[in-house]
1. Step through the residues of the range 156-171 one at a time and calculate ³J(HN,Hα) from phi using the Karplus curve (6.51 cos²θ - 1.76 cosθ + 1.60, θ = phi - 60°), rounding each to whole Hz and writing x for Gly and Pro.
2. Counting other Cβ atoms within 10 Å, which trypsin sites (Lys or Arg not before Pro) in the range 1-74 have at most 14 and lie in a DSSP loop?
3. Name the residue from Gly81, Leu94, Tyr143 whose Cα lies farthest towards the positive end of the charge dipole of the range 80-153, charges +1 on Cβ of Lys and Arg and -1 on Cβ of Asp and Glu.
4. With each label point set 7 Å from Cα along the Cα-Cβ vector, what nm distance links Asp25 and Gln56?
5. Need one number: nm distance between label points at Arg115 and Ala92, each 7 Å from Cα along Cα→Cβ, rounded to one decimal.
6. Out of the GluC sites (Glu not before Pro) in the range 1-84, which ones are loop residues according to DSSP with at most 11 other C-beta atoms within 10 Å?
7. Dipole magnitude of the chain about its Cα centre, charges +1 at Lys/Arg Cβ and -1 at Asp/Glu Cβ only, in debye to the nearest 20?
8. The range 109-173: which trypsin sites (Lys or Arg not before Pro) are DSSP loop and have at most 14 other beta-carbon atoms within 10 angstrom?
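The values are calculated or read from the model by the stated rules, or taken from the named source; none is laboratory data. The structure displayed is predicted, hence computed values, not measured ones. Note that each Cβ is placed from the backbone with ideal geometry, even for glycine, and that neighbours are counted across all protein chains shown. Just the protein is used for accessible areas: all its heavy atoms, side chains included, with ligands, DNA and RNA removed. Shrake-Rupley method; radii C 1.70, N 1.55, O 1.52, S 1.80 Å.
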Amino acid sequence: MTPQHIFLIGPMGAGKTTIGRHLADLLGLSFIDVDAEIESRAGADIQWIFDMEGEQGFRDRETKVLNDLVSGTPPRVIATGGGIILNADNRAVLQCSGLVIYLSPTAEQLIERTRRDKTRPLLQVDDREAVIRKLVEERGPLYSQVADLVFPSGSTQPLRLAKKLAEAVSTRG
Ligand code: S3P
């Protein structure tokens, strides 16, 4: 049987990695971050992959890593990149490989939290605010489509939110 992983999905700046680490600790599971795994396999950072291979090259790597991780055991907490839900196959894989938690901050919170970001290629633009609003609008329905649980994540302290998530996960058995 496919192991029941716990996936954190949501936009860039939602806190998936920080909250995911806390959640894994609280549940006694190991944690892995899809972006970090992509970088480790490529031996290069995401910006370099976008520069050399374009966004599609990055997306292909993302799909490969997701598929490899879901077939691994034991179950883990897996933080995903904000664009993982763009691909319908990825959405299907997420839905049938475990519990999907959508961390959902407001566009305003994301704009504030990513204000100084220098590592996310899609945000290195003149009008970052417009890009974030567009991503939230376009991707929001896709996150909702695959999510088993939705949590507003923008204003709660990470450990506190992770405790809420751990409680919700435990209640679901
Ligand atoms: C992306 C989100 C990033 C990373 C890449 C593309 C996106 O991950 O995968 O820069 O398309 O939203 P985070 O959501 O962890 O920042």
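1. 8, 4, x, 5, 5, 5, 4, 5, 5, 5, 4, 5, 5, 5, 5, 5
2. Working: sites: Lys16, Arg21, Arg41, Arg59, Arg61, Lys64; in loops: none.
Answer in residue order: no site qualifies.
3. Toward the positive end, the furthest listed residue is Gly81.
4. 4.2
5. If labels sit at Arg115 and Ala92, their model points lie 4.3 nm apart.
6. On the way: sites: Glu37, Glu39, Glu53, Glu55, Glu62; in loops: none.
Here no loop site has a sparse enough neighbourhood.
7. I would put it at about 560 debye.
8. The qualifying sites are Arg115, Arg116, Lys118, Arg172.
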